[in-house]
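Chemist: Let me begin by handing over the structure; questions about it come next.
The values are calculated or read from the model by the stated rules, or taken from the named source; none is laboratory data. If you're wondering where the values come from, they're calculated on a predicted model, not measured in any experiment. Glycine gets a Cβ as well: all are built from the backbone with ideal geometry, and neighbour counts include every protein chain shown.
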Amino acid sequence: MNRRSLLATAITLPALAAPGTLRAQSWPDRPIRLVVPFAAGTSTDIIGRMIGGQISRGLGGHTVVVDNRSGAGGTIGSAAVAQAPADGHTILLGTIGTHAVNPNLMPNLAYNPVRDFTPLFLHSKTALLLVVRPQLGPRTMAEFVAMAKARPLSVGTSGTGTAGHLNHAVMSEATGTSTTHVPYRDGAQAMTDALSGTLNAMFYHTQFVRSQIEAGQLIGLGITGAQRSPLLPNVPTFAEQGLPAINAEGWWAMFGPANLPAPVTQRLSGILAASLNEAETRATLERNGVEAIGGGPEALARYQREELERWGAVIRRANITADS
């Protein structure tokens, strides 16, 4: 190759790389849309709005719009992000349901949870409780199981493929009961029905049942996790009641569409990591029964693979379906 050819190559290669580089350097150049795949007022919405504010501050006040795209256990909003341009202006708050459970439950899911997304940041997790109204009668899991074997009972969750759905299905397998699963599109509505008695019981996150338990409106029969929650120390774990298999916990993580530019991925991950390490953020999470996890793109990809395999095995063994 002569000198003229070498110079031409040196000029051409940077020019070919320039468009993608320039796009990443100019990001963000319009409002960022953070898709929350569940309704306003839910646990996922609250976490999403907190994250949206943190991203906005990390980008010097840039506009971040939370877009609640609920339905089908979070898969409608997730599919919308999977199909969005990979320019960093559309991102997703994913959950155990959208990225580990529903892919194992729904054979015709409109997205691949690994191939169609760029992992950004592993954020946090929360325990779930099974709660009932005092008027129902049971005060322990043993009493609830006995009642479930004697009469029909309904158990609500915040949607198909959620951690609550998993726990209900595993509870049915472990106890030999056949309570009716009622998946809601809106967890807040499920809570309303649980308090009114329309539902007999409900699996939901700590932050949404704590005040009702403390006020005596609901009774916590059991909570996931190896230890009792310091926020609800009188609620025994499922494990200490002989039901260790009821252990699905809700988790949240940030994703972008597949092939997101590396500089955008790194910047978003860095902003979220810095925010999660703030004492104020951790105190807010802890007050609501949410535990910070933390982890960049590689950690999230590894965690998601493990969760897909873990819950896929449980779903196959227990023959759990979207209608379970």
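Chemist: Of all helices (runs of 4 or more DSSP H) completely enclosed by segment 68-172, which ones contain at least 2 residues that are under 30 Å from Phe238 (Cα atoms)?
Modeler: Output list reads 102-105, 141-150.
Okay, residues lined up against (1) in contact with a helix residue (DSSP H, G or I) (Cβ under 9 Å, 6 or more places away or on another chain); (2) under 24 Å from His123 (Cβ atoms); (3) among the small types (Gly, Ala, Ser):
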{"residue": "Asp193", "(1), (2), (3)": "no, no, no"}
{"residue": "Leu199", "(1), (2), (3)": "yes, no, no"}
{"residue": "Ser211", "(1), (2), (3)": "no, yes, yes"}
{"residue": "Leu218", "(1), (2), (3)": "yes, no, no"}
{"residue": "Glu240", "(1), (2), (3)": "no, no, no"}
{"residue": "Glu249", "(1), (2), (3)": "yes, yes, no"}
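Chemist: Then there's this: Sort through Ala258, Ala262, Ala253 and tell me the only one that's surrounded by fewer than 20 Cβ atoms within 10 Å (Cβ to Cβ), touching a Phe, Trp or Tyr at 6+ places or on another chain (Cβ under 8 Å) and within 30 Å of Ser26 (Cβ to Cβ).
Modeler: Ala258
Chemist: Can you name the residue in segment 88-111 that is within 24 Å of Val66 (Cα to Cα) and aliphatic (A, V, I, L, M) and, of all such residues, is surrounded by the most Cβ atoms within 10 Å (Cβ to Cβ)?
Modeler: If we take residues in segment 88-111 being within 24 Å of Val66 (Cα to Cα) and aliphatic (A, V, I, L, M), then Leu92 is surrounded by the most Cβ atoms within 10 Å (Cβ to Cβ).
Chemist: Out of all the residues in segment 218-271, which are in contact with a His (Cβ under 9 Å, 6 or more places away or on another chain), of a type outside the set (Phe, Trp, Tyr) and not in a loop (DSSP other than H, G, I, E, B)?
Modeler: Those that are in contact with a His (Cβ under 9 Å, 6 or more places away or on another chain), of a type outside the set (Phe, Trp, Tyr) and not in a loop (DSSP other than H, G, I, E, B): Gly250, Ala253, Met254.
Chemist: If I filter segment 273-295 down to residues being under 16 Å from the mean Cα position of the chain (by Cα) and not β-branched (Val, Ile, Thr), which single residue comes out as farthest from Ser229 (Cα to Cα)? Quick ask: steps written out before the conclusion?
Modeler: Of all residues in segment 273-295, those under 16 Å from the mean Cα position of the chain (by Cα) come to 285, 288-295.
From what is left, the residues that are not β-branched (Val, Ile, Thr) are 285, 288-289, 291-292, 294-295.
Working: Leu285: 13, Asn288: 11, Gly289: 8, Glu291: 11, Ala292: 15, Gly294: 20, Gly295: 23 Å.
Taking the candidates together, the pick is Gly295.
Chemist: Given the options Ala245, Ala279, Ala273, name the one that is surrounded by fewer than 20 Cβ atoms within 10 Å (Cβ to Cβ), more than 17 Å from Ile47 (Cβ to Cβ) and in contact (Cβ under 8 Å) with a residue 12 or more places away in the chain.
Modeler: Values: Ala279 fails: in contact (Cβ under 8 Å) with a residue 12 or more places away in the chain; Ala273 fails: more than 17 Å from Ile47 (Cβ to Cβ).
Sole residue among the options that is surrounded by fewer than 20 Cβ atoms within 10 Å (Cβ to Cβ), more than 17 Å from Ile47 (Cβ to Cβ) and in contact (Cβ under 8 Å) with a residue 12 or more places away in the chain: Ala245.
Conditions (1) over 26 Å from Val36 (Cα atoms); (2) of a type in the set (Gly, Ala, Ser); (3) buried (at least 17 other Cβ atoms within 10 Å of the Cβ); (4) within 20 Å of the chain's Cα centre (by Cα), marked per residue:
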| residue | (1), (2), (3), (4) |
| --- | --- |
| Ser158 | no, yes, yes, yes |
| Val170 | yes, no, yes, yes |
| Pro183 | no, no, yes, yes |
| Gly216 | yes, yes, no, no |
| Gly222 | yes, yes, yes, no |
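Chemist: Continuing with this model, one more query. For segment 24-45, how many residues meet the condition of being surrounded by 19 or more Cβ atoms within 10 Å (Cβ to Cβ) and either modelled with pLDDT of 95 or more or not small (Gly, Ala, Ser) (or both)? Working first, answer last.
Modeler: Filtering segment 24-45 down to residues surrounded by 19 or more Cβ atoms within 10 Å (Cβ to Cβ) leaves 27, 32-39, 42-45.
So of that shortlist, the ones also either modelled with pLDDT of 95 or more or not small (Gly, Ala, Ser) (or both) come out as 27, 32-38, 42, 44-45.
Total meeting the criteria: 11.
Chemist: Among the residues in segment 306-324, are any loosely packed, with under 12 Cβ neighbours inside 10 Å, among the polar types (S, T, N, Q) and in contact with a helix residue (DSSP H, G or I) (Cβ under 8 Å, 6 or more places away or on another chain)?
Modeler: Yes, there is a match, as at least one residue in segment 306-324 is loosely packed, with under 12 Cβ neighbours inside 10 Å, among the polar types (S, T, N, Q) and in contact with a helix residue (DSSP H, G or I) (Cβ under 8 Å, 6 or more places away or on another chain).
Chemist: On the basis of being farther than 19 Å from Thr98 by Cβ, modelled with pLDDT under 95, in the same structural domain as Gly41 (by TED's automatic domain parsing) and of a type in the set (Lys, Arg), does Arg310 make the cut?
Modeler: Judged against the criteria, Arg310 is not a match.
Chemist: Which residues, counting only those in segment 178-208, are in a loop (DSSP other than H, G, I, E, B) and of a type outside the set (Val, Ile, Thr)?
Modeler: Result: Ser178, Tyr184, Arg185, Asp186, Gly197, Leu199, Asn200.
Chemist: What do you reckon, is Asn200 modelled with pLDDT of 95 or more and within 21 Å of the chain's Cα centre (by Cα)? It would help to see each step written out before you state the result.
Modeler: Values: modelled with pLDDT of 95 or more: yes; within 21 Å of the chain's Cα centre (by Cα): no.
Criteria not met by Asn200.
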